[in-house]
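Presented below is the structure to which this report refers.
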Amino acid sequence: MDSAAGLLLLDLIGVAVFAASGASAGVAKRLDLFGVAMIGMVAALGGGMIRDLVINQVPPLAFADWRYVAVAVAVSISMFWLHPAVRRLRRTVLVLDAAGLGLFTVTGTLKALDAGVPAVGAILLGTITGIGGGLLRDVLTGEIPVVLRREVYALASLVGAAAVAVIEWQLPKAPVLTVLAAVLVFALRLGFLKSSWQVPVAEEREYRPLRRRRGNSAPGGRTD
Amino acid sequence: MDSAAGLLLLDLIGVAVFAASGASAGVAKRLDLFGVAMIGMVAALGGGMIRDLVINQVPPLAFADWRYVAVAVAVSISMFWLHPAVRRLRRTVLVLDAAGLGLFTVTGTLKALDAGVPAVGAILLGTITGIGGGLLRDVLTGEIPVVLRREVYALASLVGAAAVAVIEWQLPKAPVLTVLAAVLVFALRLGFLKSSWQVPVAEEREYRPLRRRRGNSAPGGRTD
Amino acid sequence: MDSAAGLLLLDLIGVAVFAASGASAGVAKRLDLFGVAMIGMVAALGGGMIRDLVINQVPPLAFADWRYVAVAVAVSISMFWLHPAVRRLRRTVLVLDAAGLGLFTVTGTLKALDAGVPAVGAILLGTITGIGGGLLRDVLTGEIPVVLRREVYALASLVGAAAVAVIEWQLPKAPVLTVLAAVLVFALRLGFLKSSWQVPVAEEREYRPLRRRRGNSAPGGRTD
């Protein structure tokens with residue numbers, strides 16, 4: 001992180017690729033232009049907004065610096081018109097998305113550490129920053145968040161956040177290494193995609209959720 | 001905004017109409033009395049709570065002033081018993097809802113500007129204040145937020161928030177004009193309803209969402 | 001609340017039981033190991049995180065004290081492997097969950113009062129702390145929150161929060177009584193389960209939600 005301008009540029013690239021992913025989901029859900037722009041903004045700015053509220057950086061960057069909103073809106077609207085082309089570019093978008101994940105994970109973890117959050121909390125917050133926007137995007141479009149399903153997306157982010165915490169703890173004067181952590185997330189994410197390696201899923205068994213029921217009968221009457 | 005008492009009154013009217021809209025959605029979803037009251041509270045207080053967290057006004061007004069909760073609960077419970085009558089009053093509720101949207105948009109934008117949020121961020125926050133409660137209402141009841149679908153609801157709010165920012169920038173001593181901005185949102189919302197004018201929606205094309213898939217195959221293996 | 005260590009222990013027990021409920025829901029939704037861990041963390045830490053943001057305790061405890069995350073993750077992962085046994089223990093989990101509800105309600109209300117939140121706001125915040133994690137769990141797994149459906153879960157929490165506020169107002173030096181408020185929530189929750197008593201639900205009538213519609217027609221054309 002040798003220059004603030006470089007960091008800002010990388011940050012805005014992250015905003016742009018996440019806006020593209022959110023806008024794509026909005027188009028797929030048949031939202032209108034405004035809805036597509038909103039989903040794009042939520043995906044691009046949501047993770048950083050949660051991060052800033054947690055570390056009490058208020059107003060959050062998304063509100064304090066107009067360039068964040070401008071990039072998110074411009075990319076989302078472009079996606080609305082360009083989405084067939086982007087479909088053919090799905091591989092490119094996946095790559096950019098992995099880059100955004102790496103970057104947001106690293107900057108989120110670093111900002112948390114700088115704000116005095118202890119290591120475990122900072123790792124958690126870095127992961128939330130990386131995956132938060134996509135999670136909000138899925139909640140708003142009525143999907144179970146992709147990040148919660150058989151997908152190692154979040155694992156790549158978690159590993160990168162932990163790497164940043166270790167680097168900052170052992171080698172606090174080595175910004176190059178934290179940049180490498182972003183590359184690590186990027187590589188892990190793409191490697192997982194390529195290898196189709198999956199985190200284990202619990203065996204298929206009939207299973208009823210804990211407190212779900214139909215009709216008037218009390219769950220107490222059925223338990224045990 | 002010549003008097004704090006007048007502003008408070010208008011604010012509580014906004015709370016009441018949003019509570020009514022939330023409680024209606026809860027009744028439609030077959031929630032019990034408590035669930036209806038909760039959805040009403042979320043719809044009435046959610047947008048302002050996000051706003052207050054963003055500008056670091058803590059505790060948020062919904063927690064700091066008991067009248068907000070009292071109005072939201074009283075209206076929600078009333079809706080639970082009165083909902084058939086309200087059905088016949090759908091037009092009235094739409095009108096009140098548009099009034100609430102106008103008011104919350106304006107007060108949200110003004111509070112953000114007062115808290116030192118730059119113009120673009122304040123416009124964004126004013127819009128979130130106006131539409132946030134309804135958005136949370138829809139997420140909790142399992143709907144894709146109406147505000148994201150073919151609906152110009154959010155556009156009316158955005159235009160009003162932008163008008164407030166321009167007025168405060170050019171004519172900071174003209175509270176009458178900011179009240180007019182609330183009227184503008186109200187008129188735009190009702191005008192859009194009447195004219196059935198719609199924001200464009202992307203053409204119908206077969207389209208698969210970006211990272212959605214079934215089974216074990218990796219998306220990387222299928223792309224491009 | 002005679003000892004901070006005792007309070008912390010009780011708090012972590014609450015985290016553990018809520019993590020178990022969240023992880024169960026994740027397993028039922030066929031999430032992978034990581035998704036199950038995430039849902040468990042959200043259920044265990046979500047309510048307290050909202051509470052801490054509202055009272056401006058930043059960073060929230062979930063980020064500031066690593067033991068919270070550690071307990072939530074360990075329990076969630078255990079649930080992933082142990083869930084068939086837990087199924088047979090559904091009654092036990094319901095009992096533990098009621099204990100967690102009682103505890104989180106009481107500590108949430110107390111922390112809000114300590115932070116200077118007025119009584120009504122503190123009761124609201126105590127209830128949100130108690131029910132918030134389960135609510136986020138349901139939103140993320142695509143369910144209408146159980147707490148909003150015919151379930152008196154939230155009512156038990158509300159009564160307990162109100163009891164704490166009254167006790168702190170009349171007898172501020174009686175920590176034993178606030179512990180009794182947690183027991184009250186616990187007993188109410190289990191009593192409601194046993195008696196199958198239900199909060200009333202609005203009569204079945206055909207009813208269309210307020211602003212929902214299909215096709216291109218404007219709602220304005222149909223109202224009145």
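The values are calculated or read from the model by the stated rules, or taken from the named source; none is laboratory data. All figures in this text were calculated on a predicted structure; none of them were measured in a lab. Neighbour counts are summed over all protein chains in view; Cβ atoms, including those assigned to glycine, are modelled from backbone coordinates with ideal geometry. To get the accessible areas, we keep the full protein, side chains included, count just its heavy atoms, and leave off ligands, DNA and RNA. Shrake-Rupley method; radii C 1.70, N 1.55, O 1.52, S 1.80 Å.
Here residue A:5 meets each of (1) within 29 Å of residue C:62 (Cα to Cα); (2) away from chain B (no Cβ under 11 Å) with one exception, condition (1). Screening residue B:42 against (1) at the interface with another protein chain (Cβ under 7 Å from one of its Cβ atoms); (2) open to solvent by 10 Å² or more (accessible area, probe 1.4 Å); (3) under 23 Å from residue C:155 (Cβ atoms) leaves a single unmet condition, (1).
Taking the numbered list (1) crowded, with 24+ Cβ neighbours inside 10 Å; (2) free of Cβ contacts under 8 Å to residues at least 60 places away in the same chain in turn, residue A:18 passes all entries but (2). Of all residues in the stretch B:137-165, those satisfying the criterion of being more than 18 Å from residue B:24 (Cα to Cα), open to solvent by 20 Å² or more (accessible area, probe 1.4 Å) and among the charged types (D, E, K, R) are B:149, B:150.
The requirement of being assigned to a helix (DSSP H, G or I) and either open to solvent by 40 Å² or more (accessible area, probe 1.4 Å) or modelled with pLDDT under 85 (or both) is satisfied by residue C:168. Evaluating residue C:117 against the criteria (1) at pLDDT 90 or above; (2) in a helix (DSSP H, G or I) leaves one unmet condition, (2). Every condition in (1) within 16 Å of the chain's Cα centre (by Cα); (2) at pLDDT below 85 is met by residue B:177 except one, and the failing one is (1).
Scan the stretch C:137-157 residue by residue and report those that are within 21 Å of residue B:49 (Cβ to Cβ) and more than 8 Å from every other protein chain (Cβ to nearest Cβ). Matches in the stretch C:137-157: C:137, C:138, C:157. With respect to (1) surrounded by fewer than 22 Cβ atoms within 10 Å (Cβ to Cβ); (2) within 14 Å of residue A:163 (Cα to Cα), the lone exception for residue A:116 is condition (2).
Only residues that are facing chain A (nearest Cβ under 8 Å), open to solvent by 20 Å² or more (accessible area, probe 1.4 Å) and farther than 25 Å from residue B:54 by Cβ were counted across the stretch C:62-80, and they come to 3. Within the option set A:117, A:147, being closer than 28 Å to residue C:23 by Cβ, among the hydrophobic types (A, V, I, L, M, F, W, C) and free of Cβ contacts under 8 Å to residues at least 40 places away in the same chain holds for one residue only, A:147. Considering C:102, C:134, C:126, the condition of being under 10 Å from the mean Cα position of the chain (by Cα), open to solvent by 10 Å² or more (accessible area, probe 1.4 Å) and more than 10 Å from chain B (Cβ to nearest Cβ) is satisfied by C:134 alone.
Based on what the data block shows, is residue B:65 touching a strand residue (DSSP E or B) at 6+ places or on another chain (Cβ under 6 Å) and within 25 Å of residue C:155 (Cβ to Cβ)? Spelling it out, it is not the case that residue B:65 is touching a strand residue (DSSP E or B) at 6+ places or on another chain (Cβ under 6 Å) and within 25 Å of residue C:155 (Cβ to Cβ).
Would you check if there is a residue in the stretch A:173-187 being within 14 Å of chain C (Cβ to nearest Cβ) and either touching a residue at least 12 places away in the same chain (Cβ under 8 Å) or not in a helix (DSSP H, G or I) (or both)? No, because not a single residue in the stretch A:173-187 is within 14 Å of chain C (Cβ to nearest Cβ) and either touching a residue at least 12 places away in the same chain (Cβ under 8 Å) or not in a helix (DSSP H, G or I) (or both). Pairs are defined by a Cβ separation below 9 Å, a sequence spacing of at least 6 or placement on different chains, a first member in the stretch A:45-61 that is surrounded by 23 or more Cβ atoms within 10 Å (Cβ to Cβ), and a second member that is of a type in the set (S, T, N, Q) and modelled with pLDDT of 90 or more; the pairs so defined are A:47/A:129; A:48/A:129; A:51/A:129.
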